[in-house]
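What follows is a short report on a single structure.
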Amino acid sequence: MKPLYRTAAVAFAVALSASTAPAIAAPTAQINGGYTLVEFLPEFVGALTSLQIAPSKNLPGTLYQAIGFFPITGGRLDASNAKGEVPHSGGIRLTRGATQVALTDFIIDTASGAPKLTGMVTANGSVVGRIPLFNVALPAITLPLQLPPGPEILLIEGSRISLTQEAATALNGVFATNAFAAGFNVGIASVYAQY
């Protein structure tokens, strides 16, 4: 009976250790810096021009011709499903006459449903709040993301961004127009994140 007792005891110990072993977390990229480039589409730039709205940079973001450059300040991305948040500093200003809207502190959010880019909106010096500014259509991504031991650069290039209903409503209200519409294509975003 002793061999049978020992076999049962070993089997029970193995089963117990397997059931209490901690789950292995999916690998994540702890993002430490980098930047996101947004190439604004000619139709968006043309729409601003027709409305006599002048875009400009909000430091430390930069804007050169039709390309915006926004530093990444941190964030985290789950390699198994590409869910996470990537916050930025800086932004852009939209000015017409005495009316000015600042869109700043962008966060690319892929963790809360459909991917979106949110931002803090300030109109004529008063904070409106953080609202979804752009819908983000991610390019085809192979999952899980390949994350070699850092420091490395994680590239997600070619994300198409379009205006959200919330952003269209806010901009129409501030600039007293109905020209801004949800779904209007704004540009192509590429993320170069250091982890």
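Give me a count of the residues in the range 163-195 that are of a type outside the set (Phe, Trp, Tyr), closer than 21 Å to LEU63 by Cα and more than 13 Å from the chain's Cα centre (by Cα).
Here the count works out to 6.
Pick from SER162, SER190: which is among the hydroxyl-bearing types (Ser, Thr, Tyr) and more than 16 Å from LEU48 (Cα to Cα)?
SER190
Restricting to the range 116-146, and then to whatever is in contact (Cβ under 8 Å) with a residue 40 or more places away in the chain and within 11 Å of the chain's Cα centre (by Cα), can you tell me which residue is surrounded by the fewest Cβ atoms within 10 Å (Cβ to Cβ)?
Among residues in the range 116-146 that are in contact (Cβ under 8 Å) with a residue 40 or more places away in the chain and within 11 Å of the chain's Cα centre (by Cα), the one surrounded by the fewest Cβ atoms within 10 Å (Cβ to Cβ) is LEU138.
With respect to the numbered conditions (1) in contact (Cβ under 8 Å) with a residue 40 or more places away in the chain; (2) more than 14 Å from the chain's Cα centre (by Cα); (3) surrounded by 14 or more Cβ atoms within 10 Å (Cβ to Cβ), which one is the sole condition not fulfilled by ILE92?
(1) is the only condition that ILE92 fails.
As an exercise: evaluate PRO60 against (1) in contact with a Ser or Thr (Cβ under 9 Å, 6 or more places away or on another chain); (2) at pLDDT below 95 and give the number of the one condition it does not meet.
(2)
Only one of (1) part of a strand (DSSP E or B); (2) modelled with pLDDT of 95 or more; (3) out of contact with any Pro (no Cβ under 9 Å at 6 or more places or on another chain) is not met by LEU77, so which one is it?
(2)
If I ask for residues that are touching a residue at least 60 places away in the same chain (Cβ under 8 Å) and either touching an Asp or Glu at 6+ places or on another chain (Cβ under 6 Å) or of a type in the set (Phe, Trp, Tyr) (or both), which ones from the range 96-115 would you list?
The one that is touching a residue at least 60 places away in the same chain (Cβ under 8 Å) and either touching an Asp or Glu at 6+ places or on another chain (Cβ under 6 Å) or of a type in the set (Phe, Trp, Tyr) (or both): PHE106.
Name the residues in the range 148-184 that are surrounded by fewer than 15 Cβ atoms within 10 Å (Cβ to Cβ) and either of a type in the set (Asp, Glu) or touching a Leu at 6+ places or on another chain (Cβ under 9 Å) (or both), would you?
Those that are surrounded by fewer than 15 Cβ atoms within 10 Å (Cβ to Cβ) and either of a type in the set (Asp, Glu) or touching a Leu at 6+ places or on another chain (Cβ under 9 Å) (or both): GLU152, GLU157, GLY158, THR177, ALA179, ALA181, ALA182, GLY183.
The values are calculated or read from the model by the stated rules, or taken from the named source; none is laboratory data. Since the model is a prediction, treat every value here as computed from it, not as a measurement. Cβ atoms come from the backbone with ideal geometry, glycine included; neighbour counts cover every protein chain shown.
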